[in-house]
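This report refers to the structure that appears directly beneath it.
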Amino acid sequence: MANIKSAKKRILVIEKKTLINKIARTKLKTIVKKFVAAVESGDKAAATVAYTAAVKAVDQAAARGIIHKNAAAHKKSQFTKKLNALG
């Protein structure tokens, strides 16, 4: 356990940041699951709406550092392939 005041503060700050990042990652996964479910259902309109939300969520996660920018590009590419294969 930290004894220095600044080290104690860093521990608290890191816990808060970790929680915020965990929430953002969970939200991202939920949105991606909704897109995958829409694609699997075969509904092109619902899949298109879900695609837009998924791409936006991935871009925001990459901008905030939740995921790497190349991982975001890879995910968006996979989403586009799934959407195009539907139609």
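Does Lys76 count as surrounded by 11 or more Cβ atoms within 10 Å (Cβ to Cβ) and part of a helix (DSSP H, G or I)? Explain how you work it out, then say what you get.
Values: surrounded by 11 or more Cβ atoms within 10 Å (Cβ to Cβ): yes; part of a helix (DSSP H, G or I): yes.
Yes: the conditions hold for Lys76.
Can you find a residue in the stretch 27-43 that is β-branched (Val, Ile, Thr), free of Cβ contacts under 8 Å to residues at least 12 places away in the same chain and open to solvent by less than 90 Å² (accessible area, probe 1.4 Å)?
Pass one, the stretch 27-43, residues β-branched (Val, Ile, Thr): 30-32, 36, 39.
From the residues that got through so far, the ones that are free of Cβ contacts under 8 Å to residues at least 12 places away in the same chain too are 30.
Now narrow it down to the ones that are open to solvent by less than 90 Å² (accessible area, probe 1.4 Å): 30.
Yes: the stretch 27-43 contains one or more residues that are β-branched (Val, Ile, Thr), free of Cβ contacts under 8 Å to residues at least 12 places away in the same chain and open to solvent by less than 90 Å² (accessible area, probe 1.4 Å).
Which numbered condition in (1) over 12 Å from Phe79 (Cα atoms); (2) outside any loop (DSSP other than H, G, I, E, B); (3) not β-branched (Val, Ile, Thr) is the only one that Ala2 fails?
(2)
Would you check if Val49 is open to solvent by 40 Å² or more (accessible area, probe 1.4 Å), closer than 14 Å to Lys82 by Cα and aliphatic (A, V, I, L, M)?
yes
Inspect all residues belonging to the stretch 60-68 and state whether any of them is open to solvent by less than 50 Å² (accessible area, probe 1.4 Å) and assigned to a loop (DSSP other than H, G, I, E, B).
Start the filter on the stretch 60-68 by keeping residues that are open to solvent by less than 50 Å² (accessible area, probe 1.4 Å), which leaves 61-62, 66-67.
Among the residues that remain, those that are also assigned to a loop (DSSP other than H, G, I, E, B) are: 66-67.
Taking every residue of the stretch 60-68 in turn, at least one turns out to be open to solvent by less than 50 Å² (accessible area, probe 1.4 Å) and assigned to a loop (DSSP other than H, G, I, E, B).
Out of (1) surrounded by 10 or more Cβ atoms within 10 Å (Cβ to Cβ); (2) free of Cβ contacts under 8 Å to residues at least 24 places away in the same chain, what's the single condition that is false for Ala54?
Only one criterion is unmet by Ala54, namely (2).
The values are calculated or read from the model by the stated rules, or taken from the named source; none is laboratory data. This one's a predicted model, so the numbers in the text were calculated from it and none came from an experiment. Don't worry about glycine lacking a Cβ; one is built from the backbone with ideal geometry, like all the others, and counts go over all protein chains shown. All accessible areas refer to the heavy atoms of the entire protein, side chains included, with ligands and DNA or RNA removed. Shrake-Rupley method; radii C 1.70, N 1.55, O 1.52, S 1.80 Å.
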